[in-house]
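What follows is a set of notes on a single structure, which appears directly below.
The values are calculated or read from the model by the stated rules, or taken from the named source; none is laboratory data. From a predicted model like this one, the values you see are computed outputs, not experimental measurements. As a convention, Cβ positions derive from the backbone with ideal geometry for all residues, glycine included, and neighbour counts pool all protein chains shown.
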Amino acid sequence: MVLTSSKEDPSFPVPSRLLGADAEVKDDNPKGYPRPTPHITSTDEYLTLWKESITQPDVFWSRMAKDLLSWSKPFTQTLAGTLDEGNVRWFADGELNACYNCVDRHALEDPSRVALIYEPDEPNATQRITYGELLADVCRLANVLTIDYGLRRGDTVAIYLPMIPAAVIAMLACARIGCPHTVIFAGFSAGSVADRIHDARSRVLITSNEGRRAGKVIPLKAIADTALESCPTVEHVLVYERSPVPDPLPAGVMTAGRDEFWSTALPRHRPYCPPVPMSAEDPLFLLYTSGSTGLPKGVLHTTGGYLLGAASTVKYVFDVHPGDRFGCTADVGWITGHTYIVYGPLSLGIATTLLESVPTYPTPARYWQLVEEAKLTHFYTAPTAIRSLIRLGEHWPFNSDLSSLRVLGSVGEPINPEAWYWYNDKVGREQCAIVDTYWQTETGSIIISPLPGVTHTKPGSATLPLWGIDVAVLDPQTGAELQGRDVTGVLAIRQPWPSMARSVWKDHARYLSTYLKPYPSYYFTGDGVSRDRDGYYWIRGRVDDVINVSGHRLSTSEIEAALNQHDHVAESAAVGTSDPVTGQCIFAFVTLKDDDVTEQPMAIEVKDLALKVRTMIGPFATPKCILIVQELPKTRSGKIVRRVLRKIVDGEADSLGDLSTVANPEIVPELIKVVGVSD
Ligand code: PRX
């Protein structure tokens with residue numbers, strides 16, 4: 001089945017060559033609501049531009065970079081370096097400041113334009129912050145960081161904040177003074193916070209006294225204090241007062257000489273600080289993400305290329321126009337928040353939304369009330385949120401006026417047809433374009449997606465590559481390119497694009513070995529993919545040991561490392577399996593140290609094991625099921641055979657495949673029995 005944009009409107013021509021033979025053409029704006037003319041008006045225009053971006057990337061991207069960004073020193077070079085050598089750089093002799101691009105140039109034009117729509121956890125308390133106000137606070141904070149804390153260009157700053165304007169202000173202040181930020185998701189526990197601060201060697205941490213989520217209080221400063229016990233690099237902690245602080249302050253809440261409150265520090269400074277001109281290739285931020293093995297890696301993004309990817313995808317994938325109001329429900333602690341709450345929308349000078357609460361608090365109408373109240377034109381969320389809302393009742397979106405919406409986005413995992421249709425019919429009222437956007441922390445911005453009003457969509461497919469994205473489907477074993485249509489393999493990219501990550505912080509070898517060496521001359525995404533007979537791409541999920549739970553990326557090894565911290569655990573193996581709401585969920589198997597199996601009451605063990613993961617990583621990483629077993633399947637050299645566990649958990653025990661490499665196949669029936677009982 002193929003759905004498409006309006007076939008009557010001459011600005012949305014429908015070229016039949018992209019439609020399958022069974023095409024069912026659907027009009028997405030039957031009532032003809034007024035809409036701006038899309039930036040790209042036809043598939044032919046898309047194809048012409050895409051071809052130019054692949055065959056003449058210099059011409060294409062230099063035009064885009066000049067059109068979308070303000071440069072303090074114009075670039076004369078575009079692309080240099082290759083995927084083979086792992087030394088890609090874009091616009092390297094140009095200079096710009098990301099904060100200037102996201103704030104100053106819009107504040108200069110109209111300081112009263114709304115930049116941030118802040119929807120606090122408490123309902124009916126929406127606040128708006130203008131570009132003028134944003135500029136003043138960003139500058140005050142930039143002055144605190146440089147004048148009071150002595151930060152210099154290149155020093156890293158850790159940000160551990162909830163979804164409040166201070167998070168955006170902090171990121172932009174860092175960008176203004178050339179200090180790469182590393183935002184740590186506010187759901188991480190002390191151990192994970194410490195690992196990230198330690199790896200980034202941050203000198204300053206910006207946090208808040210508390211976070212609020214669905215009426216619950218999260219003691220962020222207390223968690224940060226625990227983390228800081230093992231982070232000697234941190235000299236200053238700036239604490240935003242998210243909620244009133246007790247007066248007098250109990251002893252020990254603030255560490256003298258290290259900690260100070262936001263409301264004390266910022267008013268000391270004037271509301272202006274000049275932006276530092278940065279090389280396009282200077283780091284803008286690090287963002288830690290999980291890979292197949294080891295500790296999470298600090299993915300490094302640079303200033304010019306990343307910002308260009310953010311601006312160009314917001315403009316074209318969401319077809320944004322001046323005056324639009326963008327609503328992305330991600331957290332600023334993840335890449336989606338970086339690119340589609342902060343850098344993308346603000347670089348184009350539109351309003352962006354910060355939603356501190358959850359979609360169900362106080363009722364499942366929360367998102368839709370926000371859309372109505374803020375008259376959002378764009379809404380971008382994850383399939384897991386859509387699925388959890390469907391379960392709570394079809395009717396909730398009907399109580400709000402959602403007619404301001406034009407484009408609905410989905411990200412993080414493939415969107416299943418049921419969720420797609422609900423989004424399209426109940427939220428979009430069949431008046432909106434749906435864009436299923438595929439990308440990763442490492443790609444910086446969306447790389448495969450429909451364009452609204454242009455690309456005919458098929459629920460479940462992210463459709464076609466964006467500018468500069470030269471997709472290859474590779475045979476996973478040989479690395480040979482699978483040509484033509486109707487092929488399935490692994491997803492790789494043939495050419496560098498501006499917003500691709502440039503390195504892993506302090507571990508360039510890991511960058512090369514993870515992304516560029518597995519298939520020489522290609523960037524390897526780690527995802528499986530099919531290309532169908534219309535040339536559309538269908539993402540098939542990770543082919544490595546990365547698990548995607550509610551759009552949160554975790555590695556099996558991180559979870560196992562947390563479980564192994566338990567005194568009684570001998571070994572553990574975590575695998576991902578599909579879940580109707582969260583996309584995937586974690587299934588963990590543990591063996592206990594000798595004697596423990598009989599001595600420990602099982603129920604207590606499992607609870608304690610889950611707690612270990614909660615406290616080591618964060619509540620979102622808790623396995624859905626933990627099973628204590630006698631033995632794990634292993635090869636003769638002692639490697640755990642996760643493939644067998646995955647099959648058993650997926651209910652495919654009758655097709656376990658070749659067990660000849662398993663040294664202890666006799667345990668398999670027992671494992672099947674234990675998993676069967678747990679269902
Ligand atoms: O497996 C793909 C999945 O999410 C992974 C990237 O996760 P992360 O770096 O945390 O970034 C998430 C937000 C961009 C990918 O390797 N993924 C992301 N978007 C989609 C997707 N899978 C299918 N369809 C998507 N639209």
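Side notes on the structure shown:
- Of the set (1) within 13 Å of the ligand (Cβ to nearest atom); (2) in contact with a helix residue (DSSP H, G or I) (Cβ under 6 Å, 6 or more places away or on another chain); (3) closer than 21 Å to Tyr340 by Cα, all apply to Leu466 but (2).
- Residue identified as more than 16 Å from the ligand (Cβ to nearest atom) and surrounded by fewer than 22 Cβ atoms within 10 Å (Cβ to Cβ) among Arg485, Arg406: Arg485
- Selection within segment 415-438: residues that are within 17 Å of Leu389 (Cα to Cα) and assigned to a loop (DSSP other than H, G, I, E, B). The member of this set that is farthest from the ligand (Cβ to nearest atom) is Arg429.
- Filter result for Val569 (within 16 Å of the ligand (Cβ to nearest atom), buried (at least 20 other Cβ atoms within 10 Å of the Cβ) and either among the hydrophobic types (A, V, I, L, M, F, W, C) or not assigned by the TED database to the domain that holds Gln440 (or both)): no
Quick grid of which residues meet (1) in the same structural domain as Thr441 (by the TED database); (2) within 27 Å of Thr353 (Cβ to Cβ); (3) surrounded by fewer than 24 Cβ atoms within 10 Å (Cβ to Cβ):
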{"residue": "Arg152", "(1), (2), (3)": "yes, no, yes"}
{"residue": "Ile164", "(1), (2), (3)": "yes, yes, yes"}
{"residue": "Met171", "(1), (2), (3)": "yes, yes, no"}
{"residue": "Ala190", "(1), (2), (3)": "yes, no, yes"}
{"residue": "Gly211", "(1), (2), (3)": "yes, yes, no"}
{"residue": "Gly215", "(1), (2), (3)": "yes, yes, yes"}
{"residue": "Leu220", "(1), (2), (3)": "yes, yes, yes"}
{"residue": "Ile223", "(1), (2), (3)": "yes, yes, yes"}
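- Residue in segment 257-264 that is over 30 Å from Val358 (Cα atoms) and either assigned to a helix (DSSP H, G or I) or not assigned by the TED database to the domain that holds Thr360 (or both) present: yes
- Note on segment 233-257: residues that are farther than 15 Å from Val157 by Cβ and surrounded by 10 or more Cβ atoms within 10 Å (Cβ to Cβ) total 8.
- The residues of segment 60-80 that are crowded, with 20+ Cβ neighbours inside 10 Å and either of a type in the set (Lys, Arg) or in a helix (DSSP H, G or I) (or both), listed by number, are Trp61, Ser62, Met64, Ala65.
- Condition met for Ile547 (in a strand (DSSP E or B), within 16 Å of the ligand (Cβ to nearest atom), of a type outside the set (Lys, Arg) and over 26 Å from Asp475 (Cα atoms)): no
- Restricted to segment 653-672, and to residues there that are at pLDDT 90 or above and charged (D, E, K, R), the residue that is nearest to Ile628 (Cα to Cα) is Glu670.
- Residue check for Arg636: in contact with a Ser or Thr (Cβ under 8 Å, 6 or more places away or on another chain), in contact (Cβ under 8 Å) with a residue 24 or more places away in the chain, in a helix (DSSP H, G or I) and of a type in the set (Lys, Arg): no
So that you can scan it fast, the table gives a plain yes or no per residue for (1) surrounded by fewer than 19 Cβ atoms within 10 Å (Cβ to Cβ); (2) touching a helix residue (DSSP H, G or I) at 6+ places or on another chain (Cβ under 7 Å); (3) assigned to a loop (DSSP other than H, G, I, E, B):
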{"position": "Thr82", "(1), (2), (3)": "yes, no, yes"}
{"position": "Tyr100", "(1), (2), (3)": "no, no, no"}
{"position": "Asp104", "(1), (2), (3)": "no, yes, no"}
{"position": "Leu108", "(1), (2), (3)": "yes, no, no"}
{"position": "Pro111", "(1), (2), (3)": "yes, yes, yes"}
{"position": "Leu116", "(1), (2), (3)": "no, yes, no"}
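- Taking segment 165-222 and the strands (runs of 3 or more DSSP E) fully enclosed by it, no element has 3 or more residues that are closer than 27 Å to Glu281 by Cα, in contact with a Gly (Cβ under 8 Å, 6 or more places away or on another chain) and touching a residue at least 24 places away in the same chain (Cβ under 8 Å).
- Going through (1) of a type outside the set (Asp, Glu); (2) crowded, with 21+ Cβ neighbours inside 10 Å; (3) more than 16 Å from the ligand (Cβ to nearest atom) one by one, His552 falls short only on (3).
- Segment 655-679 residues that are closer than 12 Å to Leu645 by Cα, paired with ones that are part of a loop (DSSP other than H, G, I, E, B) and modelled with pLDDT under 80 (beta carbon under 6 Å, 6 or more apart): none
- Ile648 being among the β-branched types (Val, Ile, Thr) and free of Cβ contacts under 8 Å to residues at least 40 places away in the same chain: yes
Yes or no, residue by residue, for (1) buried (at least 24 other Cβ atoms within 10 Å of the Cβ); (2) among the charged types (D, E, K, R); (3) out of contact with any helix residue (DSSP H, G or I) (no Cβ under 7 Å at 6 or more places or on another chain):
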site	(1), (2), (3)
Thr289	no, no, no
Leu300	no, no, yes
Asp319	yes, yes, yes
Pro322	no, no, yes
Arg325	no, yes, no
Val342	yes, no, no
Leu354	yes, no, no
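- Scanning segment 32-79 for residues that are touching a Phe, Trp or Tyr at 6+ places or on another chain (Cβ under 8 Å), farther than 21 Å from Val314 by Cα and of a type in the set (Gly, Ala, Ser) yields a total of 1.
- Pairs linking a residue in segment 56-74 that is over 10 Å from Phe91 (Cα atoms) to a residue that is of a type in the set (D, E, K, R), with Cβ atoms under 8 Å and 6 or more positions apart or on different chains, are Val59/Glu52; Phe60/Glu52; Leu68/Lys315; Ser70/Arg105; Trp71/Glu95; Ser72/Glu95; Lys73/Asp93; Lys73/Glu95.
- Hey, Pro520 more than 14 Å from the ligand (Cβ to nearest atom), farther than 14 Å from Thr443 by Cβ, assigned by the TED database to the domain that holds Thr441 and not acidic (Asp, Glu) or not: yes
- Looking only at segment 414-444, residues that are in contact with a Gly (Cβ under 7 Å, 6 or more places away or on another chain) and within 21 Å of Asp470 (Cα to Cα) come to 4 in all.
- Selected residue (criterion: nearest to the ligand (Cβ to nearest atom)) from residues of segment 528-544 that are under 19 Å from Pro383 (Cα atoms) and aliphatic (A, V, I, L, M): Ile539
- Taken over segment 449-462, the criterion of being farther than 13 Å from Leu47 by Cβ and either surrounded by fewer than 24 Cβ atoms within 10 Å (Cβ to Cβ) or within 13 Å of the ligand (Cβ to nearest atom) (or both) is satisfied by Ser449, Pro450, Thr457, Lys458, Pro459, Gly460, Ser461, Ala462.
- Some residue of segment 439-448 being more than 16 Å from Tyr515 (Cβ to Cβ), more than 10 Å from the ligand (Cβ to nearest atom) and in a loop (DSSP other than H, G, I, E, B): no
- From the list Arg485, Arg540, the one residue that fits, being over 27 Å from Gly305 (Cβ atoms), in contact (Cβ under 8 Å) with a residue 12 or more places away in the chain and outside the structural domain of Arg63 (by the TED database), is Arg540.
- Options Thr514, Thr525; residue that is away from the ligand (no atom under 11 Å from the Cβ) and either hydrophobic (A, V, I, L, M, F, W, C) or buried (at least 19 other Cβ atoms within 10 Å of the Cβ) (or both): Thr514
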